[in-house]
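Chemist: I have a structure I would like to understand better, so I am pasting it below and will then ask my questions one at a time.
The values are calculated or read from the model by the stated rules, or taken from the named source; none is laboratory data. Owing to the predicted nature of the structure, the values given are computational and were not obtained by experimental measurement. Using ideal geometry, Cβ is built from the backbone for each residue, glycine included, and neighbour counts are taken over all protein chains shown. Calculation scope for accessible area: heavy atoms of the full protein, side chains included, ligands and nucleic acids excluded. Shrake-Rupley method; radii C 1.70, N 1.55, O 1.52, S 1.80 Å.
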Amino acid sequence: MRAKASDMHSKDCVKVAVRVRPFNKRERDAGSHCVVSMVSSSITIQDPRDSQNRRLFCFDYAYWSHSGFAQDRRGLFVPEEPGGRYADQDSVFQDLGEGILENALQGYNATLLAYGQTGSGKSYSMVGYGPNKGLVPKLCDRLFEAIRENQDTRQCQVFFSMMEIYNEQVIDLLSRGSRTPAGLRVREEQQRGFYVEGLRTVPCDSAPQVEQLMEQGTRTRTTAATHMNANSSRSHMLIILQLKQIFSKESITKQSNINLVDLAGSERQRSSGSEADRLKEGTAINLSLTTLGNVISALADVAVGKKVIHIPYRDSVLTKLLQSALGGNSRTVMIATLSPADICYEESLSTLRYAERAKRIQNRAVVNESPTERLVKELKAENARLLQRLSRLGQEGRRANDETKELRQLLTHNELQIRAIQTLWEQHLQEALKDWEQQYANITQLLFLSPTAIHKVSLSLPHCQERRMMQMHPYILNINEDAQLSGVVKLFIQEGEWDIGLCDSSLRSISIKGLGIQERHAVFRNEQRRVTLTPQPGSKVIVNGHAVFQTTELQHLDRLILGSNCTYLFIGYPSERGGDDWSRYDYDYFQSELAAAEGIHLVMCLCLGESSATSTQTDPSLLAVFYDYIKLMPMVAEANQMSQELNKGVEFKLEIKNLALSDSKGHDLEKEIVVRVTSVGRKQVWMWSKAKFVNRKFLMEEVYQQHQAEQNADTALPRDKDPFWDPVEPLLLGTAHLWLQSLAFRIPLEEQLEVLGSEGTEEAILQAQLVPCNSTGLPLGEDDILIDPSELLGRRLDFQLVLEQCCGLRWIREARNRGVQFGFRLFDCSQPLYTPAVWHNFNPLLDHRVHFASLHTSQRLLDYLQSSAVVLELWGLQGGDSARGRSVRPSCDAEFARALKVFYHSMTSVRGQLQRLRRHRPSEESDLLGLRLFIDEQSRLLRDFSEQLEHSVSALKQDVAAIVRRKRERSGIWS
């Protein structure tokens with residue numbers, strides 16, 4: 001169910017639309033299931049792991065574009081049946097685009113925000129693909145159509161700007177000149193608000209002209225992303241259409257800005273308590289998107305009546321530029337796009353929650369009338385008064401001649417002012433159009449002075465020239481993670497020998513830039529309609545997922561990766577092309593091919609899911625692991641390249657965490673991607689989660705870009721620490737399971753356990769014992785063995801866990817300056833216990849014994865012993881590292897003193913509240929209404945006092961109970 005477009009401006013609340021896209025190739029290959037359903041404007045999302053967990057959301061517009069569509073002869077996606085539920089591009093534009101256009105023509109500012117995770121369909125909804133035009137091109141078509149229809153009543157001009165925000169830097173996508181390293185500056189004026197200083201604004205008089213500018217901006221964005229090592233999914237793109245209208249008869253001018261914003265991908269990071277710097281760096285990876293969420297949350301609170309002291313518009317570049325769109329002078333629409341696949345459940349749920357908050361925001365939109373309108377009105381009103389005075393003075397005779405002369409001079413002056421104001425706009429238009437025509441002529445001029453000139457201007461070839469080259473020569477085209485940026489750059493390989501790399505001075509060179517690209521990276525040879533590629537020494541070249549070091553003949557649709565992550569698809573001669581479907585060779589295809597070469601592929605993850613005894617279908621988390629792996633692969637390659645160029649001596653490697661590990665019940669632990677970080681020289685190792693690595697890699701890019709700018713690897717870092725390094729910390733090497741079932745029968749157990757690493761590697765052999773004993777620690781004899789474990793119920797149970805020796809420690813064999821210790825947790829112990837650390841010995845004698853006692857054996861403890869194992873964790877220690885769990889363990893007395901200190905501090909507030917109660921008295925002059933108000937206030941103060949007192953006492957009780965429990969656990973005593 002969709003509202004009419006005219007309803008969009010009945011209120012100034014932010015209107016929110018949600019669109020559900022079809023499964024993409026990776027989701028279809030993985031056998032994904034749809035977890036989203038839609039009825040009218042309501043959307044329900046179901047947790048794939050819990051069928052009872054459903055969430056319902058309601059929005060202003062809801063579009064089902066997941067199924068029920070077909071492709072017609074023109075290539076348009078339309079409903080399979082007339083009146084079907086499928087929402088095509090026209091349906092979305094009729095609801096959202098028409099309303100935005102109508103608001104702009106009326107003189108209101110209008111904003112369209114596209115929000116969602118990478119690959120959820122934001123760019124398709126905004127820009128479209130092929131004949132399926134999106135909101136932006138359709139809006140431009142309709143805008144110029146409306147201008148032509150109303151050209152008799154108003155004079156209009158449209159100005160176009162296009163920018164990108166990446167790493168808090170504003171990049172002008174229409175400027176082909178040199179850019180400042182820090183990007184354009186955002187300034188503020190009282191009248192204009194926030195604006196981008198020096199942003200190029202181009203006057204346009206047709207939709208095709210806007211399309212040309214968008215194409216130019218997209219190509220600039222593509223090459224900038226390649227050169228800066230930036231990911232377009234982490235950048236925001238803003239298109240601003242400034243509409244200026246003059247109504248000659250009414251002497252009215254109106255100006256409105258149409259902001260079209262494609263926000264960065266909203267990937268949801270997994271939280272992890274072990275990442276101390278996550279909050280700090282998590283905002284750094286996309287400060288603008290984080291701040292936008294904070295602004296939306298604050299404005300949503302304001303809308304429901306909460307007191308909000310500060311709305312953080314100034315905390316990021318994006319929110320500064322969108323201040324009028326959110327809570328300001330604009331009529332705003334947000335379209336949130338999401339995938340219905342089970343493997344994207346977390347991200348889709350996060351998107352829906354975000355959109356739900358946004359719909360509460362209320363704006364204050366007004367018609368933007370130019371100050372010149374008021375000035376013209378005032379001048380005309382003054383002239384009318386002057387004419388009235390002149391008509392009266394004409395009858396008074398000669399004595400009024402001087403005053404009449406002065407009035408006529410004022411009339412003439414005012415008329416000249418009015419005429420000047422009305423012609424100034426037209427002069428500005430003519431000058432701006434002339435400037436644009438000259439600039440466009442310079443951009444599109446072809447320099448065919450030599451064959452290499454085609455490569456030098458390949459990004460600005462007109463469509464006719466580009467098509468002619470495509471029909472004559474083989475070429476490589478770029479493949480980008482953002483589908484909108486794929487196929488933008490085409491590098492033609494003409495006959496002869498061509499160097500490809502950073503070099504651009506040679507007449508026979510193809511210039512590319514990016515991480516890991518050498519001055520002369522490789523050589524293309526096009527001879528006798530055969531194209532070969534020869535890597536140069538030290539350069540990285542991958543063809544179809546495999547590294548090549550010798551001359552390789554290229555075949556049509558071969559996949560090339562040059563350097564760290566410059567990805568290209570080779571297109572052969574026209575005679576080789578046939579009717580191939582090139583679209584399947586997307587960015588994911590390249591990375592999946594690389595992963596398969598490393599032994600990680602989709603079939604492996606599917607087999608892992610099917611091998612689980614408790615699973616009847618593929619676990620979505622396993623598929624998510626695979627896609628995390630292929631997503632992080634190019635980032636790891638780039639991090640390694642940056643480390644190499646900056647001489648950091650750090651290596652990064654992707655691993656699948658918990659691939660071969662299980663919990664105390666023997667159930668497989670959830671798999672996730674981690675990055676193993678190794679300092680080659682220091683022999684130190686860290687394990688970074690996906691979130692931490694992505695955040696750190698973002699910081700590495702800043703360091704690298706500064707290094708590139710200053711050409712000095714020893715330059716001061718732009719942040720307070722080097723993102724390549726961390727303080728050393730214990731590292732979980734692997735686990736071993738010692739099953740406790742023998743204790744239920746009071747039978748001793750001696751085992752030689754294999755300590756397995758995350759991926760199934762043998763890290764060590766551990767000799768361990770379980771010894772049933774009496775309260776003094778003496779082992780029990782054979783006469784104490786039980787036939788029926790239930791005989792233990794209600795009785796005391798004592799046993800000792802003995803860790804004797806660890807043999808063949810691979811961790812220490814690799815570097816003798818390392819150490820190890822074991823950690824374990826039994827039953828309901830809240831804190832793990834650790835053995836003393838041992839160093840420099842790969843066959844250490846542990847001789848560690850812990851006595852455990854249960855004063856009254858419960859059924860729950862008995863069930864635990866019969867079905868569980870104690871998981872013995874092997875922790876690796878490194879130079880300068882404290883033994884895990886032993887350096888910051890305060891005594892019980894210290895913990896109790898700290899709890900009392902907190903209690904006394906809270907009691908200070910309680911005493912203050914009590915004093916306010918004592919001083920609170922009714923006025924002697926109070927009437928009945930005053931007494932009622934006094935009683936209400938007194939009741940509130942009493943309630944606050946009671947709540948504070950209860951909270952303070954309750955907190956003290958909980959702290960003391962926790963201290964007692966920890967003391968008993970450390971003593972190995974269970975009640």
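Chemist: With a 1.4 Å probe and every protein chain left in place, work out the accessible area per residue of segment 765-841 in Å², rounded to a whole number.
Modeler: 46
Chemist: Considering only the other residues whose Cβ falls under 12 Å of the Cβ of Ser867, what net charge follows from Lys and Arg at +1 and Asp and Glu at -1? Write out the running numbers ahead of the final one.
Modeler: On the way: positive: Lys665, Arg860; negative: Asp663, Asp863.
Combined, the nearby Lys, Arg, Asp and Glu give 0.
Chemist: Just in segment 57-152: which trypsin sites (Lys or Arg not before Pro) are loop by DSSP and have at most 10 other Cβ atoms within 10 Å?
Modeler: Counting only loop positions with at most 10 other Cβ atoms within 10 Å, the trypsin sites (Lys or Arg not before Pro) in segment 57-152 are Arg73, Arg74.
Chemist: Leaving out ligands and nucleic acids, note down the accessible area per residue over segment 64-145 with a 1.4 angstrom probe, in whole Å².
Modeler: Solvent-accessible surface per residue comes out at 39 Å².
Chemist: For Asn132, what charge total do you get from the other residues with a beta carbon under 12 Å from its beta carbon, if Lys and Arg give +1 and Asp and Glu give -1?
Modeler: Net charge in that neighbourhood comes out at 0.
Chemist: Which distance in Å, rounded to a whole number, links the C-alpha centroids of segment 660-703 and segment 464-497?
Modeler: Centre-to-centre distance over Cα atoms comes out at 38 Å.
Chemist: Tell me the GluC sites (Glu not before Pro) within segment 756-833 that lie in a loop according to DSSP and have at most 16 other beta-carbon atoms within 10 Å.
Modeler: Answer in residue order: Glu759.
Chemist: For a quick check of understanding: with a 1.4 angstrom probe and all protein chains in place, what accessible area in square angstrom does Glu576 have, to the nearest ten?
Modeler: 80
Chemist: Quick check: net charge around Lys306, other residues with Cβ under 15 Å of its Cβ, Lys/Arg +1 and Asp/Glu -1?
Modeler: +2
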